[in-house]
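Colleague: The structure follows.
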Amino acid sequence: MIAVVHLLAGAVIGAYINSPPTIVALAFFSHYLLDLIPHIDPETFAEGHSLSTWTQRLSFVLDITAALVIAWLLLYTHQRWSFVILGSIAGLLPDVAMPLERYGWYKPFRDFHYLCHWNPNRARAWSWYIAGLTAPATIGLASLVIIWQTH
Ligand SMILES: [Zn+2]
């Protein structure tokens, strides 16, 4: 799933839950649930995890830039900014921690991440490609509406 959707879902959890440990746990596991949902991401048409074309690199940069801008807006405008940012960070954590996947002690987390992840090769078929566009857009917009209501 793209970073923006993970960030927004974590922010929604932070907007409603008052216990920081519960926010971290729920937002962290929301990541795996969101990865199960059909989605396209910058790596969808790449071999392995490499971003080999300029469109893949551009979409990655746009995703990260949008996530940073939204995080910045939440930080400076949301009344529960500390909870919202905590949820956002926890929601992104499994992807941010991907460089740790090369280490043996991290293997259970890596295996669980890949076990939960939707097979991005399915997006090469049109029906799954459309689902991979609409599902993240729907979840992201719904999360924005919910966050706006708690603003
Ligand atoms: Zn992930």
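The values are calculated or read from the model by the stated rules, or taken from the named source; none is laboratory data. Remember, predicted model here, so these are calculated numbers, not experimental data. A quick note on method: Cβ atoms are made from the backbone with ideal geometry, for glycine too, and the neighbour counts reach across all protein chains shown. Note: accessible area is taken over every heavy atom of the protein model, side chains too, but ligands, DNA and RNA are not part of it. Shrake-Rupley method; radii C 1.70, N 1.55, O 1.52, S 1.80 Å.
Colleague: Are any residues in the stretch 91-138 among the aliphatic types (A, V, I, L, M) and within 14 Å of the ligand (Cβ to nearest atom), and if so, which ones? So that I can check it myself, show each step before the final result.
Modeller: Looking only at the stretch 91-138, we keep the residues that are among the aliphatic types (A, V, I, L, M), and these are 92-93, 96-98, 100, 115, 123, 125, 130-131, 133, 135, 137.
Of everything in the stretch 91-138, those that are among the aliphatic types (A, V, I, L, M) and within 14 Å of the ligand (Cβ to nearest atom) turn out to be Leu92, Leu93, Val96, Ala97, Met98, Leu100, Leu115.
Colleague: Something else now. Does Ala3 fit the bill of being in contact with a Phe, Trp or Tyr (Cβ under 6 Å, 6 or more places away or on another chain), open to solvent by less than 70 Å² (accessible area, probe 1.4 Å), in contact (Cβ under 8 Å) with a residue 12 or more places away in the chain and small (Gly, Ala, Ser)? Outline the logic, then answer.
Modeller: On the way: in contact with a Phe, Trp or Tyr (Cβ under 6 Å, 6 or more places away or on another chain): no; open to solvent by less than 70 Å² (accessible area, probe 1.4 Å): yes; in contact (Cβ under 8 Å) with a residue 12 or more places away in the chain: yes; small (Gly, Ala, Ser): yes.
Criteria not met by Ala3.
Colleague: Does the stretch 56-77 contain any residue that is β-branched (Val, Ile, Thr) and in contact with a helix residue (DSSP H, G or I) (Cβ under 7 Å, 6 or more places away or on another chain)?
Modeller: For the stretch 56-77, residues β-branched (Val, Ile, Thr) and in contact with a helix residue (DSSP H, G or I) (Cβ under 7 Å, 6 or more places away or on another chain): present.
Colleague: Right, Ala9: farther than 14 Å from Trp118 by Cα and buried (at least 22 other Cβ atoms within 10 Å of the Cβ) or not? Explain how you work it out, then say what you get.
Modeller: Numbers: farther than 14 Å from Trp118 by Cα: yes; buried (at least 22 other Cβ atoms within 10 Å of the Cβ): yes.
Considered against the rule, which asks whether it is farther than 14 Å from Trp118 by Cα and buried (at least 22 other Cβ atoms within 10 Å of the Cβ), Ala9 comes out as yes.
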